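The structure appears below as structure tokens.
Bear in mind these aren't lab numbers, they're just calculated from the coordinates by the rules spelled out. Small disclaimer: the values here were computed from a predicted structure and weren't measured. Neighbour counts are summed over all protein chains in view; Cβ atoms, including those assigned to glycine, are modelled from backbone coordinates with ideal geometry.
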Amino acid sequence: MSVAENLAAVQARVAAAAARAGRLPSDVTLLAVSKLQPPGLIREAYAAGHRAFGENYAQELRDKAASLQLPGLTWHAIGGLQVNKAKYVAKVATAVHALDRVELADELDRRRADLPPLDCYLEINLACEATKSGVTPEGLPALLAHVRSCPHLRAVGLMALPPLAEDPEASRPWFRQLRALAARHGLAGLSMGTTSDFEVAVEEGATVVRVGTALFGARPPRS
């Protein structure tokens, strides 16, 4: 199938999941994860009407933003971010989905000074997995207060990656936990759900789902 056909299929699945939850499809932003994918495939998705793309690697995001200056196209930084690479993201991204520490917030804020505020999703390590980044639920209040004090950042929501599981239903309790945590802190945005479980995420209130493989096929190896 072509990228356009894949996009239509994923959009239909998002719409069906939204309908099951009594939501509108427009309540959910489909973020096309273009990590390691060639610019040609991004152009195909763009030609099919898609505008929001997510990149995991800061320098790849910088380079693609420079080469794909298409009207209305927006970039989201969705991977873990080193402080010394925040400069690449702060200048071109619309949103950051993995803000997990004060030092990173400070650097993004400093680098964003001459642009509109950067939308930030704070990453939560719900299962306290050693292999994943993210602040614990207990550490969220302090980080959130700091981000809210940064004039060039805007805390819009939370992000989490549940523990890997073959059954998409295994993600549901984690998505519910994230939704409840966001509600307690007055945050409306929920960046959750990937190719393997995005329909469950939509049913549980996701406002952004991050889908790559279902749109672009298998990801090329990183050189």
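Provide the net charge surrounding LEU158, with neighbours chosen by a C-beta distance below 12 Å and charges set as Lys +1, Arg +1, Asp -1, Glu -1.
Once all neighbours under 12 Å are counted, the net charge is 0.
Could you tell me the relative contact order of region 3-216? Use alpha-carbon pairs under 8 Å, at least six residues apart, and round to a whole percent.
21
What does the net charge come to around ASP63 if you take all other residues with beta carbon closer than 13 Å to its beta carbon, with K and R at +1 and D and E at -1?
Here the count lands on +3.
Just want the answer: with Cβ charges of +1 for Lys and Arg and -1 for Asp and Glu, which residue in LEU30, ALA58, VAL92 is farthest toward the dipole's positive end in the chain?
It is VAL92, whose Cα lies furthest towards the positive end.
Please list 3J(HN,Hα) in residue order for region 203-210, calculated via the Karplus relation 6.51 cos²θ - 1.76 cosθ + 1.60 where θ = phi - 60°; whole Hz, with x for glycine and proline.
These are the phi-based 3J(HN,Hα) values: 4, 9, x, 4, 9, 9, 10, 10 Hz.
In terms of modelled amide H atoms, which long-range or inter-chain residues lie less than 5 Å from the amide H of GLY189?
GLY157, LEU158
I want the local charge near LEU143. Using Cβ-Cβ distances under 10 Å, sum +1 for each Lys or Arg and -1 for each Asp or Glu among the other residues.
0
So, with +1 on the Cβ of K and R and -1 on the Cβ of D and E, and no other charges, what is the size of the charge dipole of region 3-216 about its Cα centre, to the nearest 20 debye?
Roughly 520 debye, rounded to the nearest 20.
List, in order, the whole-Hz ³J(HN,Hα) value for each residue of region 186-192 obtained from phi through the Karplus relation with A = 6.51, B = -1.76, C = 1.60 and θ = phi - 60°; use x for Gly and Pro.
Values, residue by residue: x, 10, 8, x, 9, 9, 7 Hz.
Would you calculate the volume per residue, in Å³, of the smallest convex hull containing every Cα atom of region 1-111?
It comes to 113 Å³ per residue, whole-number rounded.
Could the peptides 161-171, 62-72, 199-209, 92-102 be put in order, highest first, of the mean number of other beta-carbon atoms found within 10 Å of their residues?
With the highest mean Cβ count within 10 Å placed first, the list reads 199-209, 92-102, 161-171, 62-72.
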